[in-house]
Amino acid sequence: MRGLLTQEAIRLQLPSVSRDEAISQAGRLLVQKGYVNSSYIAAMFEREDQVSTFIGRGVAIPHGSVQDPNLVHQSGIVLLQYPEGILYDGHICYIVIGIASHADQHLEILRHIALVLSNQDILATLWTTNDVAWVVSLFEEGLT
């Protein structure tokens, strides 16, 4: 699973935006990276309407439903950091991780992200770091 998060798929030090704009930014970056087609962004919002993808501890993981495999070209993740926080379904969110995955990899990717983010000290650093290489190495260690 190496290479799911690349330096080009990370945006740090972003200004605060609305929840919907953060989801759109993550979706557009997934499209730009070639992981999904543009219809996937609408699927991300449909998923968000079903259940919030805010998972706690300042992190949201918006993603489309894995029901339509034609929307996903290849698995990958993007990471957007909002050091001043954004309001996400009534919670403060600092990290938005957009996921594109095929059904057979979806739970494995979520599990690895959860492992990477399980250390509160590391997570607090992730909220404000400006070191893209560190972010990649953090996820590479957790996604091997």
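Among what's in the range 97-116 and is hydrophobic (A, V, I, L, M, F, W, C) and not in a helix (DSSP H, G or I), pick the residue that is nearest to Gln7 (Cα to Cα).
Applying the filter and picking the extreme gives Ile97.
What is the residue count in the range 26-43 for residues that are closer than 20 Å to Asp89 by Cβ and touching a strand residue (DSSP E or B) at 6+ places or on another chain (Cβ under 6 Å)?
Total meeting the criteria: 1.
Conditions (1) closer than 26 Å to Val36 by Cβ; (2) of a type in the set (Lys, Arg); (3) exposed (fewer than 13 other Cβ atoms within 10 Å of the Cβ); (4) modelled with pLDDT of 90 or more, marked per residue:
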{"residue": "Arg111", "(1), (2), (3), (4)": "yes, yes, yes, no"}
{"residue": "Val116", "(1), (2), (3), (4)": "yes, no, no, no"}
{"residue": "Asp121", "(1), (2), (3), (4)": "no, no, yes, yes"}
{"residue": "Ala124", "(1), (2), (3), (4)": "no, no, no, yes"}
{"residue": "Ser137", "(1), (2), (3), (4)": "yes, no, yes, yes"}
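Looking for whichever is under 22 Å from Val17 (Cβ atoms) and either within 14 Å of the chain's Cα centre (by Cα) or basic (Lys, Arg) (or both) here; the options are Gly64, Gly90, Gly85. Which one fits?
Gly64
Please enumerate the residues belonging to the range 129-144 that are touching a residue at least 12 places away in the same chain (Cβ under 8 Å) and not in a loop (DSSP other than H, G, I, E, B).
Val132, Ala133, Val135, Val136, Leu138, Phe139, Glu140, Glu141, Gly142 - these are the residues of the range 129-144 that are touching a residue at least 12 places away in the same chain (Cβ under 8 Å) and not in a loop (DSSP other than H, G, I, E, B).
Could you give every pair whose Cβ atoms fall below 7 Å, whose first residue belongs to the range 16-30 and is of a type in the set (Gly, Ala, Ser), and whose second residue is assigned to a loop (DSSP other than H, G, I, E, B) and at pLDDT 95 or above, counting only separations of at least 6 or pairs across chains?
What qualifies is Ala26/Pro62.
Quick one: in the range 58-76, which of the residues that are at pLDDT 95 or above and part of a strand (DSSP E or B) is nearest to Leu29 (Cα to Cα)?
This residue is Ala60.
Against the condition free of Cβ contacts under 8 Å to residues at least 60 places away in the same chain, farther than 23 Å from Leu123 by Cβ and hydrophobic (A, V, I, L, M, F, W, C), how does Val72 come out, does it pass?
Yes, satisfied.
Restrict the check to the range 117-126 and report whether at least one residue is under 15 Å from Thr6 (Cα atoms) and of a type in the set (A, V, I, L, M, F, W, C).
For the range 117-126, residues under 15 Å from Thr6 (Cα atoms) and of a type in the set (A, V, I, L, M, F, W, C): absent.
Test Asp20 against the stated conditions and say whether it is part of a helix (DSSP H, G or I) and modelled with pLDDT under 95.
Criteria not met by Asp20.
If you check every pair at least six apart or on different chains, which have Cβ atoms under 7 Å apart with a residue in the range 100-128 that is of a type in the set (S, T, N, Q) first and a residue that is surrounded by 14 or more Cβ atoms within 10 Å (Cβ to Cβ) second?
That search, which allows pairs on different chains as well, returns Ser101/Val66; Ser101/Val72; Ser101/Ser75; Ser101/Ile109; Gln105/Ser75; Thr128/Pro83.
Scan the range 1-46 for residues that are over 28 Å from Glu141 (Cβ atoms) and not hydroxyl-bearing (Ser, Thr, Tyr) and report the count.
Within the range 1-46, residues that are over 28 Å from Glu141 (Cβ atoms) and not hydroxyl-bearing (Ser, Thr, Tyr) number 11.
The values are calculated or read from the model by the stated rules, or taken from the named source; none is laboratory data. All values derive from a computational prediction rather than experimental measurement. Using ideal geometry, Cβ is built from the backbone for each residue, glycine included, and neighbour counts are taken over all protein chains shown.
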